[in-house]
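Have a look at the structure below, then the notes.
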Amino acid sequence: MIPLSHSLTIAALLFVLGLAIILLRRELLFILMGLEVMFNGVALTAIAAGQYWNNPDGQVLTIFLMVVTAAELAVALILVWLAFEHLKTTQVDMLTRLKDDTKGGAP
Amino acid sequence: MSQFLWLIPGSPMLGALIIALLGGYLKQRHFSILASCAAAVAFLTVLLAWLMGAATSQPLQQTLYTWIGVGNWMPTIGFTLDRLALVMVSVVSSIGLLIHIYSITFMAGDSDQRRYYFFLNLFLAGMLLLILADNLLLLYLGWELVGLCSFALIGFWYRDPLRASAGRKAFITTRIGDLSLALGIFLLFNEFNELSVSVLLANATVQWETGSQMPILAALLILGGAIGKSAQLPLQIWLPDAMAGPSPVSALIHAATMVTAGVYLIARTYPLFELAPQVQWSVAAIGTLTIIYGASAALAQNDIKRVLAYSTISQVGYMFLALGCGANALALLHLTTHAFFKALLFLTAGTMIRTNDNEHNIHNLGKRGNHSSLIRWCFLIGAASLAGFPIITAGFYSKEAILTATWSAPTGPLLWAFAAFGSLLTAVYIFRVYFFVFQGSRSGSPMPPIPAPMTWSLSILALASLVVGFVEFPEGWPGLHLWSDWLRDELGSASHPTLATAYSLQFIACVLPLIGIGVALVLVRREKLGFELPLAAFLRTGWNFDALYQIILIRPYFTLARFFKNVEALLIEGTLQKMTRSGMTVATACRDGLEYGVLNKSITGLLAGLRLGHMRLSATQNGLLSRYALMISAGAVFLLGYWLW
């Protein structure tokens with residue numbers, strides 16, 4: 001039996017790792033990967049807690065999470081592709097077209 | 001019967017999903033058929049409910065499943081069909097079906113029917129969901145769905161930037177109201193830990209005292225939501241611009257159904273308003289002001305659809321007036337008749353616009369002449385019903401009843417005087433349009449025949465605009481008084497003035513439309529000779545509300561933004577410069593006395609630190625996604641740390 005604290009530590013590490021990827025990488029695809037890593041951290045927490053309390057809800061939640069993540073990833077990948085199609089870049093720093101300047105006055 | 005309730009909002013939702021997901025396998029012309037079938041199933045289910053005696057039995061209920069279970073709070077996907085909801089679903093599903101059928105030919109030439117019918121079906125589903133929802137959370141879901149569909153359909157022809165911006169304007173303006181409604185729901189949940197409408201209202205009447213602070217706040221927040229959706233003063237500015245959408249959409253969403261969602265919401269939560277008499281009175285006051293506003297602005301419009309838009313604003317004002325006077329059943333009656341005659345007017349206007357190469361101007365429409373007699377008669381019936389032409393039209397019965405009920409409310413005679421003046425103006429503006437468009441129209445080249453689906457929908461609506469009112473004859477008249485008796489248990493009833501007063505009020509209500517038609521005749525003759533109405537420009541812009549909001553809201557916002565930018569520049573850069581200068585002075589002064597290297601180094605270090613801080617600060621608003629992500633996570637960590645500590 002692995003103690004709860006071990007799995008929670010791993011989960012926290014995964015979460016922080018994912019967050020670091022999101023914060024540090026500039027490539028949209030890597031940011032998506034970072035998101036996935038964070039999701040995995042969360043799922044691991046759910047599993048560990050479910051095991052700790054002898055409750056199947058954690059596993060149910062994880063399966064849901066996987067399904068939802070897969071769906072979300074499909075949409076997100078299409079968006080990345082579209083961004084590349086239309087804007088010719090997947091560097092997140094280049095995607096600043098919504099940036100507004102207040103010089104223009106009332107619309 | 002109860003187990004079929006889900007079909008009412010479910011079948012349009014299913015239709016929308018099929019069109020959205022499997023639309024690739026369908027041909028253009030199949031979308032309209034599919035969408036109409038979905039609407040028809042909803043309508044037939046409602047019809048079935050009537051046949052099974054839903055009108056006389058206890059409210060029907062169906063709980064599909066528990067939506068969210070958090071502790072002992074379990075909002076459900078559940079429907080309740082009581083009498084109020086029964087009236088609403090009947091109106092919405094029947095008019096929705098007719099307009100789907102009308103759209104088959106109206107939108108036949110359009111290349112993007114998939115999007116159109118998806119949103120039309122989704123709208124119908126959202127509206128029916130809003131009506132049938134048995135808890136406020138589900139109601140709010142429907143409320144947002146119809147708002148989204150309204151936005152998408154106003155801007156349906158989005159390649160035209162004007163139309164797209166009209167859609168955005170509607171969305172943003174109604175959002176103010178939606179926010180208020182959401183806050184109201186949060187407040188109620190915070191107080192009662194419960195969102196089921198019936199339980200909530202029962203708790204409120206038991207726990208809250210009449211006129212105390214909580215019900216006033218709750219009622220005000222709900223009223224805010226209703227005002228936004230129903231385009232009442234001061235959030236009415238989006239509705240005239242919403243006419244940029246296709247005409248069937250204007251008829252369905254911006255005349256018959258969605259704009260009356262606010263009326264439904266207030267009628268649904270009326271015990272709250274009875275606990276807050278001041279707010280109830282302000283509902284009446286807002287309604288009265290809006291009647292005058294809408295009617296006077298409609299008087300000077302030249303675009304036929306804008307006349308009808310302002311007319312909708314003003315007619316919904318009558319419903320608010322009735323709600324404010326406690327005559328909820330009569331508000332519902334006017335809602336029903338208005339839905340039919342206004343949908344009729346919009347559809348005839350849409351047909352005219354379509355057959356005359358997108359001509360919206362009433363003067364030009366009149367000059368072109370040769371409108372088919374079906375259109376002419378339908379418009380006349382709609383106009384007469386809107387004006388409240390006595391005895392033969394449905395509009396007369398509902399409007400007269402509201403006027404009479406107003407008299408005995410607090411400050412009734414004043415409200416009555418405004419509302420009666422509004423009803424005079426109503427007859428003037430709508431018959432001004434009628435005379436301009438149809439009077440002296442020459443019979444030129446024969447028009448292309450109107451396709452059958454359009455003819456059917458128009459005829460059914462015209463018939464309904466005449467006969468729906470017969471369910472409730474005026475007070476003291478022989479004939480049926482079904483409506484208010486039937487709804488009395490659920491919605492309460494308003495106090496009536498004495499019979500003698502009622503008769504004189506009824507007489508005035510009969511005479512006003514006739515006078516209005518006469519005035520319209522004179523007005524049209526004068527306008528054809530080139531005389532303008534006094535204040536025409538002011539009225540045409542809707543009392544300059546847009547310009548007013550531009551001045552008091554939008555411009556200050558931009559000024560504020562520019563001000564902060566300047567403050568940032570002045571404060572941070574100015575301080576930096578000053579620090580540099582004083583640092584330099586100090587450095588020169590101390591150069592000989594103190595250790596040169598230490599001081600110089602520390603000052604350069606300080607400067608560099610400040611520069612860095614300035615750069616970092618201004619970088620918070622640089623539009624870089626990763627920077628925002630960093631901010632969000634830092635904020636979350638900070639809050640979490642604060643909360644745990």
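Each value in this text was obtained by applying a stated rule to the coordinates, not by laboratory testing. Everything quoted here is computed from the prediction, not taken from an experiment. Because the Cβ atoms are built from the backbone with ideal geometry, glycine has one as well, and the counts that use them run over all protein chains shown.
Peptide A:18-28 has a mean shielding of 2, counted as Cβ atoms of other protein chains within 10 Å of each residue's Cβ.
Packing here is the average count of other Cβ atoms within 10 Å per residue, and on that basis the peptides B:542-548, B:561-567, A:37-43, B:10-16, highest first, run B:10-16, A:37-43, B:542-548, B:561-567. Here the range A:7-95 is assigned +1 on the Cβ of each Lys and Arg and -1 on the Cβ of each Asp and Glu. Its dipole about the Cα centre then comes out at about 140 debye. Adding -39500 (n - 2.57) for every DSSP H run of four residues or longer, then dividing by how many residues chain B holds, sets the calculated 222 nm ellipticity at -24000 deg cm²/dmol.
In chain B, the longest principal axis of the Cα atoms and the axis of helix B:83-106 are about 90 degrees apart. Of the residues B:ALA202, B:LEU179, B:GLY167, the one whose Cα sits farthest towards the positive end of the charge dipole of the range B:131-245 is B:GLY167 (charges of +1 on Lys and Arg Cβ, -1 on Asp and Glu Cβ, taken about the Cα centre). Across the residues of B:625-632, average count of Cβ atoms on other protein chains within 10 Å? Counting Cβ atoms of other protein chains within 10 Å of each residue's Cβ and averaging gives 4. Between 0 and 90 degrees, the angle of helix B:113-132 with respect to the longest Cα principal axis of chain B falls at about 80 degrees. Going by Cα centres, the range B:104-157 and the range B:1-80 are how many Å apart? Value for the Cα centre distance between the two parts: 14 Å. Within the same chain, lysines fewer than 8 places from B:LYS169 are excluded, and of the rest, those with a Cα less than 29 Å from its Cα are A:LYS99, A:LYS103, B:LYS229, B:LYS305, B:LYS342, B:LYS565.
The average projected area of chain A, computed from the convex hull of its Cα atoms over all directions, is 9.6 nm².
Summing Cβ point charges (Lys, Arg +1; Asp, Glu -1) relative to the Cα centre of the protein assembly as shown gives a dipole of roughly 2300 debye.
With the helix formula -39500 (n - 2.57) applied to DSSP H stretches of n ≥ 4, chain A reaches a computed 222 nm mean residue ellipticity of -25500 deg cm²/dmol.
Counting only trypsin sites (Lys or Arg not before Pro) that DSSP places in a loop and that have at most 10 other Cβ atoms within 10 Å, the longest clean stretch of chain A runs over A:1-87. Taking amide H atoms as placed 1.01 Å from N in the peptide plane, the amide H of B:GLY78 lies under 5 Å from those of B:LEU64, B:ASP134, B:ASN135, each 5 or more residues away in sequence or on another chain. Based on Cα contacts under 8 Å between residues 6+ apart, chain B shows a relative contact order of 11 percent. Sorting the segments B:519-531, B:336-348 by their residues' average number of neighbouring beta-carbon atoms within 10 angstrom, most packed first, yields B:336-348, B:519-531.
Full extension of the segment from B:VAL637 to B:ALA20, taken as 0.36 nm per residue of separation minus the current Cα-Cα distance, would add 218.1 nm. With r as the distance between the Cβ atoms of B:LEU141 and A:ASN55 and R0 = 35 Å, compute the FRET efficiency 1/(1 + (r/R0)^6) and round to 0.05. It comes out at approximately 0.70. Taking every residue in B:365-376 and counting other chain Cβ atoms within 10 Å of its Cβ, the average works out to 0.
The range B:217-247 and the range B:363-394 have Cα centres spaced 27 Å apart. Only alpha carbons enter this Debye calculation for chain B, each as an equal point scatterer, and the log10 of I(q)/I(0) it gives at q = 0.05 Å⁻¹ is -0.28. Measuring nothing but how far apart in sequence close Cα pairs (under 8 Å, 6+ apart) lie, relative to its length, the range A:7-95 scores a relative contact order of 29 percent. How tilted is helix B:197-207 with respect to the longest principal axis of chain B? Cα atoms for both, answer in degrees (0 to 90, nearest 10). With both axes taken from Cα atoms, the answer is about 80 degrees. Between B:ARG562 and B:SER504, residue separation times 0.36 nm minus the direct Cα-Cα distance comes to 14.9 nm. By the compact-protein rule of thumb, 2.2 N^0.38 Å, the alpha-carbon radius of gyration of the protein assembly as shown corresponds to a ratio of 1.13. When you restrict to C-alpha pairs under 8 Å that are six or more residues apart and normalise by the size of the range B:1-82, the relative contact order lands at 33 percent.
Farthest toward the positive end of the dipole of the protein assembly as shown, out of A:THR9, A:ASN40, B:ILE362, is the Cα of B:ILE362, where the dipole comes from beta carbon charges about the Cα centre. Charge dipole (Cα centre; +1 on Lys/Arg Cβ, -1 on Asp/Glu Cβ; no other charges) of chain B amounts to roughly 2140 debye. In the protein assembly as shown, taking the dipole from charged Cβ atoms about the Cα centre, the farthest positive-side position among B:GLY142, B:PHE438, B:VAL511 is held by B:PHE438.
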